[in-house]
Every structure is written in structure tokens, then in C-alpha cells.
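Worksheet: the structure to be examined is printed underneath.
The values are calculated or read from the model by the stated rules, or taken from the named source; none is laboratory data. Remember, it's a predicted structure, so these values are computed and weren't measured experimentally. Note that we place each Cβ from the backbone using ideal geometry, even for glycine, and neighbour counts take in every protein chain shown.
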Amino acid sequence: MNLGLSPRVADIRDRVAQMVRDDIAPMEAEYFTEVDKGDRWEFTPRMTEILEGLKDKAKAQGLWNFWLTEGEGGFGLTTVEYAYLAEELGKSILAAEVFNCNAPDTGNMEVFHKYGTDAMKTQWLQPLMEGKIRSAYLMTEPDVASSDATNISMSCVRDGDEYVLNGEKWWSTGAGDPRCAVYIIMVRTGDDDTPKHKRHSMIVVDAASAGIEKLRPMQVYGHDDAPHGHMHIRFTDVRVPANGMLLGEGRGFEIAQGRLGPGRIHHCMRAIGQAEMALDLMCKRSLSRTAFGKPLAQLGGNFDTIANARMDLEQARLLCLKTAWMMDQGDSRAAAPWISKIKVVAPEIALRIVDEAVQMHGAQGISQDTPLASFWTHLRTLRLADGPDAVHRRQVARAELRKHTQERI
């Protein structure tokens, strides 16, 4: 089992880290200050200038589309190799998009790459890979417990050469972005007599289709995350060409597992990057700030806090890398429990480290003067996104119990 870095990937990682540190992070404050100028759901000229300038620089250096592990247009990295890059991307809020490795686009591009028709690849995949448009993935619904995806209820009914969609979706990340041009949506196409995991499908929908209404941006701890956003959307008799159905009716869960597995690993490695950044800030603060005649590092249990953070972080990273290695073996069923393990462990540990860093910084830690408050909000949200902790723990427990019984758990 090789979880290390080849010289080639180490060089890429170092170049990415340098650009994140020297070019991207210094522009974040100005970029997000611009959001409050005018319409929060449109880009100001300066926002566009900052973001596109950084993307052009990444492209010019050949640092683009790392996520694509196979096929033309990517680096041909393994999941283990990409994990190291994702960790660096986690250290800046803007970094993932600058390198065209941002969620939910990477997952959607993966779907188009693996399951899309030639027409879909021309219309949607190519401009996504070029960073010209954005996309959204719509799964969660307000009226059902969507952590059990068999509850998904959005109606999708065949009518001649079209499907008709009715229902609501929320927490549709990226749907508020004015560049968001396409949705991939989990819908229900089967009736109660259809086997539970064959009732759902995925369909590609043009975001400009008639009958789509953005009801509101969902707020995360009082923030709307503009201009990206997590939208609550209503679909009323939205008509979609039948050729927008991915793979055919009833194959939604099959596509979802292919999409969500790698994405969860990417999220977790970015979380580890945020925790690394928080630990770095914690250490610097503890040595530079004095109280009661001593550096903060020498007060209370701060030695233990720093030591535990480093030990926990190393364990989380190794678990994530092993999970990535399991994914690289090509058996998604075998990798599934490992993905659930890291989906619980990484956000939980990262959140704890960020929280300790906030505490070390005092009131400054909850302000806009450090990235810690935004890290905390993101990581707390990540414990719910792509499945809450309890659901993933259930999957881990079931995998363990199956070793001891033939009965369905």
C-alpha cells in the first residue's frame, strides 16, 4: 500500500501550495468585501477581475483540473495523489475554484465524464472543464429525511419526448451563482411497486428552464454564502427533454455512488488542509501573544492542546489516504465503509482543531480578521453535507457486524 508522494506529484503539490499562499489567500479579503457592493448574487467587475486573473494564472502554469483521474484533460492522478493537492486547496476559500477543482462542479463533471452522452459532454462538460460555467447538484428536499435517499420524492413523469418535474429541492449548493447553467437532479421515477433502490433517477436540467423558481438562499449560521449560495428551489411543471435522463430510469443510486464517493474524500482532505492552517495559526498565536507574564503556549493546558491537535490531525490524514487508496483499487463497495469512516473523522477532528485555534485567538478568532470563523462554519456544515455523522456511523457499524452474522443488519 503506497500512500506517499511521487517526485512528480510532490512538485505539483509544492507549486499549488505556493500559489495558494502567495497569490490566492492574499486576495480573499478584497474579493469577499466586493460581495456586499450592489446585488450580492452578481459579480462586481473587481470580483471577476480577481477570480479570472487567478484562474488564468493557474491555467498558464498547467495547474488545472486535477480532479480528473482518467481521460483527456486531467493529470491522470490517483485518488491518493489528488488527496494531497486537495489538502492544499483547503487552506483557501477561493483555491478550489481557481484550479477548477471546486464542488459541486467536480462531482458533476465526473458524472458527465462517466455517464453523459456526447451531446451532454459538448454542451455541459466542456465549458465546465474550461471554467466558463458553474453547475449545481440537487438532491436534498425540505419535506423528507434526505439522509435516507430512498425518501427523495421529486416527481419526474414521462410525457412523450419529455419528462415533467414537480417538487422542491433545498441546500442546492452553487445554484445561486449567476454562472450556474446546469443542474443534475435526483428525482423519483418509480412507483411503490418498484424495488426501493430502482425508484430514482438522475436527470440533467438546463438552469434556465421555464418553471424553475429560486425561493430563497438558505443561510448557514446567518450567512447566505453569496454569490455561490445554497438555494431553495421550486420546480413547477418543468419540462426536460427525455434525452436528459442519465443512463436510463432507475439508475440514480448507481450514479450517486460513483459521484459522492470521490467527492467525500475530496471534502475530507480539504478539511484536513483547513485544520493544518488552523494549527499553524494556533502555534503562531501561542508564541506571539503574552498574558500573565508568559506566552500563551505556556499557560493552562495549551501544550496538550497543540500536541493533541497534531496527533489527531496525522491520524485523520492517514485514514483519508487509506480511504483514497481503497477507492483506487476499483471496488466501490469495499471502499464504502472507509469513506464513511473518514467522512465522520475528518470534519470532526478538523472542527475541534479550528475551535481550539479560535479559543487561542480570543475574540479575534470569531472575527473577520482570521479565516477561522469561516473554517468553523464550513466544517460544522460538512458534518451534515453528503450524509450526517449518524448515517455514516451506521454504515461503519453494519460493515463490522456483517463480519459476524449472515443476517441483514
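For the condition over 29 Å from ARG188 (Cβ atoms), in contact with a Phe, Trp or Tyr (Cβ under 8 Å, 6 or more places away or on another chain) and among the aliphatic types (A, V, I, L, M), ALA226 qualifies.
Looking at VAL345, VAL358, VAL396, just one residue is in contact with a Pro (Cβ under 9 Å, 6 or more places away or on another chain), at pLDDT 95 or above, outside the structural domain of SER146 (by TED's automatic domain parsing) and among the β-branched types (Val, Ile, Thr), and that residue is VAL396.
Within region 359-371, is even one residue charged (D, E, K, R) and touching a helix residue (DSSP H, G or I) at 6+ places or on another chain (Cβ under 7 Å)? Checked region 359-371: no residue is charged (D, E, K, R) and touching a helix residue (DSSP H, G or I) at 6+ places or on another chain (Cβ under 7 Å).
To keep it simple, each residue is scored yes or no on (1) in a loop (DSSP other than H, G, I, E, B); (2) within 30 Å of ILE366 (Cβ to Cβ).
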residue: THR140; (1), (2): yes, yes
residue: ALA145; (1), (2): yes, no
residue: GLY176; (1), (2): yes, yes
residue: ASP191; (1), (2): yes, no
residue: VAL204; (1), (2): no, no
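Screening ALA373, ALA346 for residues that are assigned to a helix (DSSP H, G or I), within 19 Å of the chain's Cα centre (by Cα) and in contact (Cβ under 8 Å) with a residue 40 or more places away in the chain leaves exactly one candidate, ALA346.
Considering only residues of region 379-409 that are touching a helix residue (DSSP H, G or I) at 6+ places or on another chain (Cβ under 7 Å) and touching a residue at least 60 places away in the same chain (Cβ under 8 Å), which is nearest to ALA336 (Cα to Cα)? Among residues in region 379-409 that are touching a helix residue (DSSP H, G or I) at 6+ places or on another chain (Cβ under 7 Å) and touching a residue at least 60 places away in the same chain (Cβ under 8 Å), the one nearest to ALA336 (Cα to Cα) is ALA399. Within region 129-147, the residues that satisfy the criterion of being in contact (Cβ under 8 Å) with a residue 24 or more places away in the chain and either over 30 Å from LYS59 (Cβ atoms) or touching an Asp or Glu at 6+ places or on another chain (Cβ under 7 Å) (or both) are ARG134, SER135, MET139, THR140, GLU141, PRO142, ASP143, SER147.
Among residues of region 118-135 being touching a strand residue (DSSP E or B) at 6+ places or on another chain (Cβ under 9 Å) and under 16 Å from MET245 (Cα atoms), the one that is surrounded by the most Cβ atoms within 10 Å (Cβ to Cβ) is TRP124.
The number of residues in region 234-273 that are buried (at least 19 other Cβ atoms within 10 Å of the Cβ), more than 20 Å from the chain's Cα centre (by Cα) and not in a loop (DSSP other than H, G, I, E, B) comes to 5.
Residue-by-condition table, conditions (1) over 27 Å from the mean Cα position of the chain (by Cα); (2) in the same structural domain as SER146 (by TED's automatic domain parsing); (3) within 20 Å of ALA149 (Cβ to Cβ):
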position: ARG188; (1), (2), (3): no, yes, yes
position: ASP191; (1), (2), (3): yes, yes, yes
position: ASP225; (1), (2), (3): no, yes, no
position: GLY229; (1), (2), (3): no, yes, no
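The sole residue among GLY73, GLY62 that is at pLDDT below 95 and closer than 29 Å to PRO371 by Cα is GLY62. A count restricted to region 360-372 and to residues that are under 25 Å from PRO388 (Cβ atoms) and surrounded by fewer than 18 Cβ atoms within 10 Å (Cβ to Cβ) stands at 1. The residues listed here are THR323, THR305, THR381; of these, the one that is touching a strand residue (DSSP E or B) at 6+ places or on another chain (Cβ under 9 Å) and at pLDDT 95 or above is THR381. Could you say whether any residue in region 153-169 is within 26 Å of THR377 (Cβ to Cβ) and either in contact (Cβ under 8 Å) with a residue 40 or more places away in the chain or in contact with a Phe, Trp or Tyr (Cβ under 6 Å, 6 or more places away or on another chain) (or both)? Yes, some residue in region 153-169 is within 26 Å of THR377 (Cβ to Cβ) and either in contact (Cβ under 8 Å) with a residue 40 or more places away in the chain or in contact with a Phe, Trp or Tyr (Cβ under 6 Å, 6 or more places away or on another chain) (or both).
Evaluate the following for MET186: is it in a helix (DSSP H, G or I), surrounded by 15 or more Cβ atoms within 10 Å (Cβ to Cβ), touching a residue at least 60 places away in the same chain (Cβ under 8 Å) and in contact with a strand residue (DSSP E or B) (Cβ under 8 Å, 6 or more places away or on another chain)? Here the answer is no, as MET186 does not meet what is asked. The number of residues in region 320-335 that are surrounded by fewer than 19 Cβ atoms within 10 Å (Cβ to Cβ) and of a type outside the set (Asp, Glu) comes to 7.
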